[in-house]
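Note sheet for the following structure.
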Amino acid sequence: MTVLRNSLAAAGMAALVAGTVPNTASASDTAIRNPLQIERSAGTIILAENKTKLKKVRLNNVILKGYDPVAYFNQGKAVMGNPLITSTYKGATYLFASREDKAEFDKSPAKFEPQYGGYCAYTMSKEGKPHDIDPKAFRVYKGKLYVCETPAQLKEFSADIDANVAKADQNWLKIGPQTYNTETQSFESPWPFGPEGGAQ
């Protein structure tokens, strides 16, 4: 009788535990299908597949929403960076699609730095305010990278690019020093550069 009671108790506990524990297989499947996972409270957590296993990488202050800055210049297109290949410059974390791009960036990071701290060039020229970007809405002009929030804004910014760059440059001089903290060598909040982007 005691053996039967203990067996039933064990079976009941097993059923209770099985009903309350989340299905870890589905969480792992989701992570594999979507290699980028964001956790706002503690910076960016990126799950990256490294040939044999999933690796958890914690990144802070990701600029260009994780796109490779060198690819804009060398390939003429927006290419998502690899979270395992990074560099930090002026408090921002840059991701690269290849080790070659990282090496080129490390030789001359200022050359690949987006204008206006990575904020929307169009909004900077029109309103003088920092605003979110779409890393795929970009233009390299006279050796400088400009990113905008939408393709429509990029088109309007590009229509009279010299005048818009001059306005954006003036506006950035007014707010840039307020945005960048020279003591901590990083940008203050709101941080628009991470994978979720946008002023918070």
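The values are calculated or read from the model by the stated rules, or taken from the named source; none is laboratory data. Everything numeric in this text was worked out from a predicted model, so none of it was measured. Reconstructed Cβ throughout: ideal geometry from the backbone, glycine too, with neighbour counts over all protein chains shown.
With Phe157, Phe193 as the choices, which residue is outside the structural domain of Phe73 (by TED's automatic domain parsing) and modelled with pLDDT of 60 or more?
Answer to the check: Phe157.
Considering segment 57-103 alone, what residues qualify as being without any contact (Cβ under 8 Å) to a residue 60 or more places away in the chain and assigned to a helix (DSSP H, G or I)?
Selection gives Val70, Ala71, Asn74, Arg99, Glu100, Asp101, Lys102, Ala103.
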Hits in segment 135-158 - residues which are touching an Asp or Glu at 6+ places or on another chain (Cβ under 8 Å), touching a residue at least 40 places away in the same chain (Cβ under 8 Å) and within 14 Å of Lys65 (Cα to Cα): Val147
Residue match in segment 33-40 (condition: modelled with pLDDT under 95 and farther than 25 Å from Asp132 by Cα): yes
Test: residue in segment 104-120 that is part of a strand (DSSP E or B), crowded, with 17+ Cβ neighbours inside 10 Å and aromatic (Phe, Trp, Tyr): no
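Of the residues that make up segment 116-123, is at least one farther than 27 Å from Ala166 by Cβ and of a type in the set (Phe, Trp, Tyr)?
No, segment 116-123 contains no residue that is farther than 27 Å from Ala166 by Cβ and of a type in the set (Phe, Trp, Tyr).
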